[in-house]
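Any read-out appearing in this document is the output of simple, stated calculations on the displayed coordinates, not a laboratory observation. Predicted, not measured: the structure shown is a model, and the values here were computed from it. Counting neighbours? That spans all protein chains shown, and the Cβs are built from the backbone with ideal geometry, glycine included.
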Amino acid sequence: MNNKAKLIQLIHVAKRDMGLDDDTYRATLKGVSGKVSCKDMSLSELHQVLENFKKTGFKVRTKKAKKRMSPPSSTRVRVGEIKVIRAVWIDAAKAGLIADNSEEALDKWVYRMSKVRHVGWLDGDQAYRVLEALKKWIVRLMAKWLDEHLGTKYEENLKQVAVSYDLMTERFVFGREVYRERQNAK
């Protein structure tokens with residue numbers, strides 16, 4: 001799509017987003033450029049029209065690139081821990097502990113932990129180390145959430161006593177239920 005076509009498309013999006021009827025739209029075009037149709041305008045006139053719409057409240061939105069998500073759990077992997085890593089990552093995101101549940105975000109985290117660029121490329125030892133590091137991190141995030149929302153002292157206790165991922169997950173699920181009940185009682 002050439003520059004002129006993109007500008008015309010943006011102007012038409014502005015018309016729609018601003019809820020302009022055809023008469024108001026054509027009057028605006030004529031007032032800014034002296035022409036009532038975008039196809040008759042030069043590039044500079046189209047820019048002037050678009051700038052006018054921006055000044056009156058139109059905001060140009062850019063398309064966000066779709067993030068690469070984890071493959072289905074039925075997909076074959078090199079070692080079984082890779083599926084567990086992905087599952088722990090996704091569960092933590094669903095619980096609100098991690099902001100980005102995409103495979104790209106997981107790959108960045110895996111790279112920081114192992115210097116391997118993609119979770120699917122981990123060998124058995126690397127996958128095990130990454131999984132254990134991920135579980136420890138998630139345990140800390142769950143403890144922090146419980147402390148912030150329920151006033152517990154889990155984070156402080158973690159410095160003295162190691163708590164397993166499974167036990168902390170149980171406490172976290174229970175703590176979220178308690179929190180929801182408190183919120184509903186208000």
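Annotation: for a label point projected 7 angstrom from Cα along Cα→Cβ of residue 93, residues of segment 120-137 with backbone N closer than 19 Å are 120-122, 130-137. For segment 80-185, the residue among 169, 158, 128 whose Cα projects farthest onto the positive side of the dipole built from Cβ charges is 158. Here the contact order of the chain, divided by its residue count and restricted to Cα pairs under 8 Å and six or more residues apart, works out to 14 percent. Entry note, the chain: the mean residue ellipticity at 222 nm calculated from DSSP H runs of n ≥ 4, each adding -39500 (n - 2.57), is -21500 deg cm²/dmol after division by the residues and rounding to the nearest 500. The lysines whose alpha-carbon is closer than 27 Å to the alpha-carbon of residue 4, local same-chain residues fewer than 8 away aside, are 15, 30, 35, 39, 54, 55, 59, 63, 64, 66.
Applying the criteria of a DSSP loop state and at most 11 other Cβ atoms within 10 Å to the trypsin sites (Lys or Arg not before Pro) of segment 104-182 yields 115, 117, 153, 159. For segment 80-185, what class follows from the C-alpha gyration tensor (a ≥ b ≥ c being the square roots of its eigenvalues): rounded when a/c is under 1.5, otherwise prolate if a/b is larger than b/c, else oblate? Since a/c reaches 1.5 and a/b is larger than b/c, the shape of segment 80-185 is classed as prolate.
Dipole size of the chain about its Cα centre, with +1 on Lys/Arg Cβ and -1 on Asp/Glu Cβ: approximately 520 debye, rounded to the nearest 20. Can you list the residues of segment 91-118 with backbone N under 19 Å from a point 7 Å past the Cα of residue 148, pointing along Cα to Cβ? Answer for this model: 91-102.
What shape does the chain take by its C-alpha gyration tensor, where a ≥ b ≥ c are the square roots of the eigenvalues and a/c under 1.5 counts as rounded, a/b above b/c as prolate, and the rest as oblate? Note, shape of the chain comes out prolate.
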